[in-house]
Structure formats: C-alpha cells, structure tokens
1. What whole number of Å gives the distance from the Cα centroid of segment D:36-109 to the Cα centroid of segment B:325-348?
2. When chain D is modelled as a GNM with alpha-carbon springs shorter than 10 Å, which of D:A117, D:A201, D:A266 fluctuates the most?
3. Kindly give the distances from B:A231 to its copy-mates, label point to label point, with each label point 7 Å from Cα along Cα→Cβ, as nm values to one decimal ordered shortest first.
4. With 10 angstrom as the radius, rank C:H341, B:H144, C:H317 by how many other C-beta atoms surround their C-beta, starting from the fewest.
5. Order A:64-73, C:106-115 from most to least packed using the mean count of other Cβ atoms within 10 Å.
6. Run the Debye formula on the Cα coordinates of segment C:111-193, all scatterers equal and no solvent, and tell me log10 I(q)/I(0) at q = 0.16, 0.24 1/Å.
7. How much mean residue ellipticity at 222 nm does the protein assembly as shown get from its helices, if each DSSP H run of length 4 or more adds -39500 (n - 2.57) and you divide by all residues, to the nearest 500 deg cm²/dmol?
8. What nm distances, shortest first, do you get from the label point of D:A159 to those in the other copies when the point sits 7 angstrom along Cα to Cβ?
Amino acid sequence: MPDVRALARAFRENTPAGDSADFLRKRFDAGLAWVHYPEGLGGLGAARSQQAIVEEELAGTPSNDPRRIGIGLGMAAPTILRHGTDAQKQRFLRPLWTGEELWCQLFSEPGAGSDLAGLATRAVRDGDGWRITGQKVWTSMAHHARWAILLARTDPELPKHRGLTYFVCDMTAPGVDVRPLRQLTGEAEFNEVFLTDVFLPDDLRLGAVGEGWAVARTTLMNERVSIGGGATPRGGGLIGVLTDLWKTDPGVRSAAAQDEMMRLWVAAEAARLTGERVRQQLAAGEPGPEGSAVKLAFAELAQKITGLELELRGADGLRHDDWTMRRGELVDFEGRSPTYRWLRAKGTSIEGGTSEILRNIIAERVLGLPAEPRTDTTVPWRELPR
Amino acid sequence: MPDVRALARAFRENTPAGDSADFLRKRFDAGLAWVHYPEGLGGLGAARSQQAIVEEELAGTPSNDPRRIGIGLGMAAPTILRHGTDAQKQRFLRPLWTGEELWCQLFSEPGAGSDLAGLATRAVRDGDGWRITGQKVWTSMAHHARWAILLARTDPELPKHRGLTYFVCDMTAPGVDVRPLRQLTGEAEFNEVFLTDVFLPDDLRLGAVGEGWAVARTTLMNERVSIGGGATPRGGGLIGVLTDLWKTDPGVRSAAAQDEMMRLWVAAEAARLTGERVRQQLAAGEPGPEGSAVKLAFAELAQKITGLELELRGADGLRHDDWTMRRGELVDFEGRSPTYRWLRAKGTSIEGGTSEILRNIIAERVLGLPAEPRTDTTVPWRELPR
Amino acid sequence: MNLLYSADEESLRDSLRALLRSRSWSPDDGFDPDVWRLLTAELGVTGLIIPEKLGGAGATLREAALVMEELGRFLAPVPYLGCAVMATVALRVTGDTQILTRIADGSACAALAVPFAGPLPPVSVVDGALTGRVQSVADAMVADTLLVPASDGGLWEVAADGPGVVRVPVVSLDVTRPLVDLTFDGAPGRPIGPADRAVAAAFTAGSALLASEQLGVAEWCLDTTVDYAKTRLQFGRPIGSFQAVKHRLADVWVSVTQSRAVARYAAGAVSGPDDDLGGTEQRLAAALAQSHCGPAAVRAAEECVQLHGGIGFTWEHPAHLYLKRAKTTSIALGTAPAHRHALATLLTLDAAALTEPS
Amino acid sequence: MNLLYSADEESLRDSLRALLRSRSWSPDDGFDPDVWRLLTAELGVTGLIIPEKLGGAGATLREAALVMEELGRFLAPVPYLGCAVMATVALRVTGDTQILTRIADGSACAALAVPFAGPLPPVSVVDGALTGRVQSVADAMVADTLLVPASDGGLWEVAADGPGVVRVPVVSLDVTRPLVDLTFDGAPGRPIGPADRAVAAAFTAGSALLASEQLGVAEWCLDTTVDYAKTRLQFGRPIGSFQAVKHRLADVWVSVTQSRAVARYAAGAVSGPDDDLGGTEQRLAAALAQSHCGPAAVRAAEECVQLHGGIGFTWEHPAHLYLKRAKTTSIALGTAPAHRHALATLLTLDAAALTEPS
C-alpha cells in the first residue's frame, strides 16, 4: 500500500504552484488526482478512502472546479477507465481531470427520456469510422464541452438494448450543432444537440459494437452514486434558507406554518443523516442502494421547502427577479430569488432519472419485486411503436 | 306519467299501518316501493327522482331497514330486474324489498379479491340443477341471509371472464356453511362461506350459462353507485366527532393540531359537497362517475380523521373499549371507542373495491387511459398461475 | 344549492371556448387587448354582473364564475378578475353607477388598488389628493381607473394615467397576470363611498370566484396530462398505461372533481344580494373554496410538469404558465393556511377563541 | 457519529433473531415469561446497559437500541423498554445499585410509574407512604418494582405487589404491550434519589430507543408486504409487478431507510455518559427520532394492511398487531407534533420565543 500522505506531502513540497494547469497536470502524473485509479492514470491503485488524505494535504493548492468537470469526473472517466482502450485512457483522462477538456453527455433524446434504450440517433459505418445523425437533449455544458459521451444505434434490426454502441463524440466536429434549451426558469441551463452526419473515427468508439448498453450502465451507475452528493451541515441548504427567513422576518411566522416548517426540517435532517450514512457505508467499503433514497428525498424536499417559502413570503412570493434568457450553467439554489429556487426545484425530480424511474429501480433491484410484463425488449427496435 | 303524489296519498289514506310487514307488502303491490321499477314489481315505471315524493308522503309509516336490506336492494334487486326471468322477479323482489328475506353476496374468494373474475368456486351440472363447491369470503349478513347472489365457474376451459355463471344461492341448502370471520377490530362483521356440493336447481340460475360476468357487472355497477351514500349535514359524521372533541376538551387543542384538523375539515366538506353534487346529477338524470371520487375520498378521510383523533387524545388513544369477539353487523363509526373507529376505518379502503382498483377504474374508464398489457384474459382459466 | 351548470351557463361556456380557442399566447404576453375587446363587445361578459339598467347583463356571480373557469383554462391574459369581478363588486357595493356604466360598455377598465396578497398599506388623503404606495397590484397596468381604499375610510376613484400616479410593472412570477407597483404622490381623486364593506365584499367575491379560475387551471392541467399520457410512448407503451401514472392521475381527477363541487358552491353562495357578501356563509364558502381549490390547482399543475418529464420543464411548453398561475393564485387573496384559520374562526373552532366548556 | 452497525451488534442481532424466530405469539399474548427469561439468562440483554460491576454487560444504549429493533421486528411481548431501558436509565442516573444488580441477574423487573403518554400526575407523600393514581403505565403489570416520581421531588421504590398498590389492567390498543392503571393508597416505599433528572433522562433515552423499535416494526411491515407482493397473484401476475404497488413500496423503503439513519443517530447521541442525557443534542436527537420514526412506522404498517387487502384486515394475520404497535408508539412518549414543537424550541425556531431581529 502506498503511503499516500507521504507522497502528497512530498509532492506539495516539490511542486511549484505557480501555473494552475501545470500544477494539476503534475499532480495527475504523481498519481494524486484520484488515488484509487491505476498508476499512470492519475492514481496509485490505493483505496478510495485515501483520497481524503490527499485533499487534506493539498488543501489550498490549485484545484479543478468540481462543478465544471462533474460530468467528466462522475460519468465519462469511470466509463473510459472500465471500457476504454489504453490509448483512450491515456488520451482522455488527464485533460478531463485537470479541467482542460470539459465533457458532456449525449444520451437523452426527445423520444427517449426514461426509456433511454429506445433512442433513435443512428451511427452508420463509413470507412474507418462512423457517421452519426440524431438529436440529443438535456445536455448540460455542451456549449463548453470538448468531448461528449454518446450513445447511438448501430443496428436497428436488433432488440433495442442490443443495437447500441457507445462513442466519444468530438464536439468540434462538423455537423455538431449546439442550441440552448430554455427552461421554465427562463434560463437555458441545458442544450439541444443536433448531430448531422458527424464523422467519428472508429478509435472514438468505447467498447465493442453493439455493447453500448452495457457500457452505458457503467456511466449510469456512477451517475447515481455521485448524485447522493456531499455532506451538508445540519440545517444547511434549502432548509437553512427557510429557517433564516423565519428567524429574521417575524411577518412570516405563524403557528400553523411553524409545524409545517418543522415537518420539513425533520425530513431534511432525516435525509441528511441518510446521506451521511451512505457515505459511511461507502467509506467502509459497503456501498448500498441507499443513495437513491437520498436523491428521491432531496427532490421532494427541494420542491416542498421552496414552495413553503413562497407561501410564507406572501406578496413577495409573487415577484420574480428576472426572466431574461441567460445561460445558467451552474444551478444556484440559494443565490437567486425564492421564485427561481421554487421553479428550478421542479427539475430535481426529472433530471438524472425521474423520481418515477428511481422508484421502479428501487422496487425491482432493491426490493426484488417482479418486473412488469414487457414486450419492448425482444422485438427489433425498428418495429417498436414510436 | 303516473301522479305519484296522488297515488301515495291515496295509499296512505287507505292502508292501515298496523302490521308492518303487511303494510310493506301492500306498499310494494301499490307500486310505491321503488317507483322507477316496472308496474307489478313494486314500481310505477316512473322517474327515479319521483321516489322522493313517495318518501315524503309516506314519512312516518312502517319502513324496511335500509341497512339490513342494503345488499338486496343495492345489488341483488337491480340484477334480478335486469337479468332475471319473470318467475324470478315475481319470486324474489317483493320479500327482498319488504325485508322478509335478507340477501348476501357470494362473490369474493381468498384467491379472488380485486381479481374477482379469477374466482375458483365451481358449479357443475347435475341433472336439472348444479352442484356448487368452493369458498367465499367477506360476506356480510351471510348468517342472516335467506338468499345470496353467487358467482361460480361453470367452464374452467374458457378464459376467465367467459366461464362464469351467475346464480341465486339458497342459503338454507345443505352444504352451505357460514363461519364468522374475525377482523382486526376484534369483531366478526363478515363471514366465510364454505360451499360443499350445494345443489341449486337450474331455475336459480340468473342469466345464461357463461354470461355470469356480464350479469355481475350489473351488480357491481350498482354497488358503486350506492356507495356514494346519503347526505350528511356539514360538519357531520367523523369530522363532527373530531370537532366535538376539540370544542369540549381544551387539552386536545394546539395551534399545530388546529391546522391539521382544519385541513381535514376542508377535505371533509369538499367530499361532502362532491357527494351532494353527485346526487344532484343523479336527480337531474345525468349520473356521472363522480361517485367513485366520493368513495375514495371517504376512505382516506375516515382513516386520517380517526388517526388524528387518537393522536389528540394522547393517553386515552392508547386504550381500547373491548376486544371480545362479537358479531358486529352494522358498522357504527360514531358509537364506539375512538380506537374502534380508527381500526374499522382501515377497512374502508379495502371493502367494496379497494382504493387501488377504484383508481384503476377511474384512470381507464373515466380518463380513458390505456389498459395495462394483459395476458390473463385470453388463456383458459385452468392454465392461469394461481 | 344547485351545484350543476345551467343550460345557459353551458352555452356561455361554448361561446367562450370558441372565442378563446382561436387565440394563442406566448409566455411573454401580459395582456391581450383584442380578446378583452371581444369579451366586452361580442360576449358582453365584462359587464356580466353589472345591473341591466347600467348597461350590464344583470347576471349573478355564478355566471361570472363560469367565465373565470374558462379564462383559467385558457390562461387568457385579461384583467377579468380585477376589473369585471373585484372592482365591479366594490362599485356595486358603494352604489356607484358612473364607472359601472363605462365598464359595461367597454369604455373603462377599473382595478382595486390593493395588494394581490398581503395587508392593505396606508394611502393618506391630504387636501383631496392621495399619497402612498401600494405594491403588487393585479390587473392595474391596463386599467384606466384605480379604486383606492384610503386612510379616510373612503374608496377613491383615481385616473390611472392622471397626475401623481406612477405605475411600475413588477417582474411577476405569473407573467399572464402582471402585477404593478403603484405610487400616489398627491394624486387627485374622487371619493365614491366607504371602502371597508366594498373592499371586503370584493375580496369575498374574488376569493370565491378565483376558485373557479383555479378549477379551470386544474382541468387544463389534468386534460393535457391525460392526453400526453395516452400518446407519449416509453418502453413500447403509452406512459398512461403504467399503473403509477394512472393512480396519480386518478387522484388528480378526484381532487379536480371536488374542486368543481366546491367552486360551484362558492359561486352560488356569493350570488345573492350584495348586502349578503359580508355574511358568515359567504365568507365561509369563499375561505373553503380557497382552502381547497388553490392547493388542488397547484397539485394538478405540479403533476402536469412532472408527468410531462423534460418537456414539461421547458419554456416552450405551456405547462409552466399554469404552474405559475396556480402557485400565485394559491398565495393571492390569502394562502390556504390563512383561509383555514379564517374557517376555524367562522366555525368557532379557533383554539385561541374557544373558552373552557361550561 | 458512526451510523452503521458494528460487527458486535450484528452478532447480537443474529443471536436475538435465532431466539425470537423460534417463538410465536397470538394476538392475546401480553407477556412471554419464557422469552423474558431467555433474554436475561441466555443473552443477558436485560442487563445490557447496566455497569459490569453491578453484573450487567456495561454496554451503551446503542446496543440496547439494536435489541429494541429486533424486539420490534418480532413484536416480542416483553417489558424491555420499560424495565431494561427506561427504569434502568432512571436508576443509573439516581446512582442506585441495589435494584440494578437485581435487574442484571434477572431477579427483578422494574417499571417507571409514569403514563406511557401524557403528563405526570401527582403522587403525594404522607408519612413515608405514597398516595395517587397513575394511568396507562407501560410494562408495569409484570414488574415487581415500581419507580414512582412523587410530589416531594423524589423517585420512590415501591413493591408492585406490596400493600396499598392496586394494579388494574387496561384494555390496551396494543395488546402486545399491555398498559395498567396504578393506584397508590398509602403504599410504603423508599426514596432512592431525586426524580426530575432521572425521569427526564429516562424519557430522552426511551424516546431515542423507541425509534429503533419503530424501525424494527417498519422493517417487518415492509419485508412482509414485499414478500406478499411477490407471491400474491391477481390478474395472472404477482401484485408486486404492478407499478403503483411498486412505487408505494419504494416510498416505504425510502422512509424506512431514513428511519435507520435517524434511529442510529439517536442511539449514538444518547450513548455517552448519563450526565449528558439532559443535553441539547441528546434531546434534539430523541425528538428528531420520534418526529420521523413514529410516523414512518405507522405508514409502513398502514401500507402493510392495505396492500394485503382483505387478509390484512383480519384478526388472524399479524399485520394488525404491528399497526397497533406503530400507532401507539407514535403517541407514547409524545406525539410527532409535540416532538416537532420541542425541536423548534431546541433550535430557537419557536415563533413564540423568537423576538424581533436586532
């Protein structure tokens, strides 16, 4: 087992922090990016829990922006690590981690949301590569991304899960058209991405032809793990915004509202402790399915808390801050107006797997309840009703 | 159109009310039992809304007990009227209405609750009649009933809805064994009925062989209509029990509880007005599906209101009145202990069609949402998993 | 009380739908002058509850509730609630005839200068002119006549574009019913009667009829979601064939069905003589209506967004407009908890007021 | 704080399950003396939190919480909460050794003479003897030692079958934890220390650990319902394959999952020195636990009855016993609204106590 703390200390002592990108590249090369990754790929093959030691030792040094590189870090990287060729790992992981190359995800389509495996974007062989045509939606960061993870259909004659192939899409390639997608908040936080005859060389294929679904499961599993989110202090986050209002504005207080607020406080604290327990399980090497409970609860709570806040504010709850269309890349629940919070919270039960799909997954994979009778998994995709 | 009011007045003037049963028989023969029934069968072929006039004119005269004859009146009678032979109508309707012969319903089975059409009780041809063998459950009044409406399987080789036949069961016939079924309240309000080789002559068959499901739909439709229930005054029923407690016992009052109680008051009043509107629609000859909204809401409300009552009572809510097994035939939500109310209320979302089945019906028949894919309706009943 | 729709009401509904169905609005439309004109000129509904002798239709608030329902269903951006219901009721109670005559013939549009939610701020009277600020007023941007409850106890008529009146549009959560901040700085006006009863009656009538608007909003949300669930395919099936979706829509249907009964009851309760509008039963019906129909509309709109999935979260799909309308109306004219508290008081169930039993 | 189960706890759980799985109880069983004896003799869990020097296991309330969880799951009719948790904590706080030693070796069973729900009634002291009535006391029918908070401020030891003590069994909603009405009429006793801190500590510990019992109850309900949903066929399919059933069970699972984290936190919070049991964090954790875990257990039990359909409504199926246990525990030691109010006070969010911001 490598002495992670000693390595991190030595690295810090010996590495000038002048140029941020350069520092991060060196940190990657020293295996201190993600210590549980293999040596040579930014890691040391250490336990995941050792990462905390590195962060402690390197506190205050230049760092990447976890929100901007989130998709790369949480979804692309584990997929490349598991299914990529050596060349792909060498090519993509370092700039992904340093933030020099941002990533986005080209999975969802207008006709394939919850039913991702039903997607229609086609990938057709063309010489030593592929021609991609289709439309993707709900793509955050697409207008900044250098690369995308892309799921496309290579064989429509096979049942839907079996005709998919996974690619890395070059977002600078001709035929990639990124358009802002405006949401009910007025912002365009996401994009639509139109792919028209986009050429991708075969070395951008990740995993075997027709194995796209299996590769995508790695991505999705990691998405769900990462959604559990980080630790917040008791009474922090949205419930803190509500209790701060309560404490500072006597006009919002009433006995009935107090009980309602306390119900939400209890629910928020129960969800927070559940998240804490999930992290302890992970740290103890016993990852469980409880992360999905955290996401479900967060979505419900975010909507209830922000809804109550509007009610408490009364007349002020009828006023918005700004409907100007803008590119809101990073969700800021606490910085903007109460109406923004309330509207944006409506997305929490849709994005990253709807609450309905999450309940299906819990029921079938955690509780072991039998699946519904299905007919869409056995017939050729081409014959499915759409 | 008959002058219902004049007929009722004349009947009242000319009929001695000395013997109650005799009075009711005469009232039936005068067509004043249910005026919308045909002449000769207790009615005058008048509009259903005219019945109110009769009740008004005959107020204070001997009457049947609507709770004891409820099953006969609400379910057996409309089915016999629609599907019975003339002889059956003549034989059954009068004593049913006068209450001289009580009825019960032999539909549900341990293995066929929500999925009634999957029932297993067999009826096998035997000379000029049928031999019935099977087990029925959740039968109110079975220990008092002279007759039962019975659904049994005459052909297990057909798909499940098509192999059923509808009978009138003689509850005094050999092989009919009625046993009390104890509920979580401690009472035995219902029965299990074991049928062992019970012989029923063919003239007790209602409708054609194999047409049992169609006949049963008449019964079930009428059950649902009748469940909407009668008018209650504002603040009456269970919510009235709660507000009376609130008014008389200062110890139960708190600001948080008040808002909770008022939520329930609002829900109860909304449900009450909905029931009122259903009755107005019926009276106007425009029956709608809204009665199912009333039943769903009542079940939910009964449970919430009684649950809150226990909470408000605190220590008293931990004490029951009596666990002695007894035959509780008529549900009395208001007369017994708060714990009894709370327990009994749990049955309201199960009996007479579970809330789940009711939601299915609303979704498919009212909203027109597509049915789930089904496989159990096309294969022979015998081959279904059980 | 009759909770059904009369044949006349059904026919009015048909006319309204024919008119409204032919229009469409974008998320940025705060007012559609053409529709407002048509509602006045073709259907005469802006003067529906104005007495016939003043040029109105002499109908009751029941019929106006029907109009509210349809305007809610189509989310028509017109100041019907503010002008044709609340200001009109206030004017009826004060006994005004002048302004009512002009509302009836479409030459005037009045608005009560009161916050759409929250307490009345003071507007003082000095030398026959008004000074004060009233924030978040509904339907006042397009009004030409403001009715201002002033601190002298009077209801004042003030020309909206007159001297000393400044109107600043608010960035409203519900862009289809824009709010405005009013500032009066020595604005001349004319007292037309005592304000208290007039404003209280306007709030009771407004609360009762807002329930019909909320019903219309909820109906649109339910209908639209049901239609979507029938046609949107995922996993090779319409999503409406999945039982969890069915059950949630069934629950929304139950709640909308209840809203219909409650809203009809409230509309009927406030349809008597104006003198009754301060009565217990009227206030109770209005508070009940807002306690039930507001949250019911919010729930229907939330399910509409959720069950549409991603598309329901976009600016392009109209679901968000209904969500914003539902939420703002559940706060306007009092939140559901505030109405429940009012109900407790009316029913002598308020703990603070209950004394020990004798 | 560690929210997981330790290896020792898992092993204790296995032992408890092995013991409890071999028993079964009917709806009429209020006490199983054999199981109580085995818990003492074989597993020593009745003395789990009694110091080793008094013959106990010297463990913390965390381990006792684990016991509560399993007793809840099996609904074992034994006075563990009353004797081995609440009375024991009270005795620990008073510094008693005599009774604790006897509880540890199984020769005594003590119960706090306090109502299972509601305020403490007065029990007066005259000439060294107690007089008063205490109603709806849990676990006191089988106790031989009653610990009575008296109006002199002391906690008194009274022999349960001694003179001047009358115990009348209550017809309890939860027959698996029978209540009793106690009457003291000049009952002799011995003061063992001040009552206030001891009783408060017992309530904090009891509330915190009751959450684990509620967790066990909820887990049984969820597991049993899931098993039933997998095997009960209707419409040719297991009912658990219907999406609405799935979603409701998924929601119950979420709530049970949260209960586990909350109950573990509460158990950990009260596992420090007895002196801390009056601390803010301990009271907060206990109030949080009861605010969440009580309603969560009720909901799991209600879904258990409902999704079992008719059979869940019978006396024969055990679902109703869990329903009754869940409901009574959600009232005992304070209802959820009362605990939420306590939380508001502890968090300085209580409106009545908040002053204007400076």
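No lab work stands behind these numbers, since they all come straight from the coordinates. Bear in mind that the values here come from a model prediction, so they are computed numbers and not experimental data. Note that each Cβ is placed from the backbone with ideal geometry, even for glycine, and that neighbours are counted across all protein chains shown.
1. Their Cα centres are 38 Å away from one another.
2. Maximum fluctuation in the GNM of chain D, among the listed residues, is at D:A117.
3. 6.5
4. Going from sparsest to densest Cβ surroundings: B:H144, C:H317, C:H341.
5. Those peptides, ordered most packed to least, come out C:106-115, A:64-73.
6. Computed log10 I(q)/I(0) values: -0.51, -1.12.
7. Roughly -13500 deg cm²/dmol at 222 nm, from the helical runs in the protein assembly as shown.
8. 10.0
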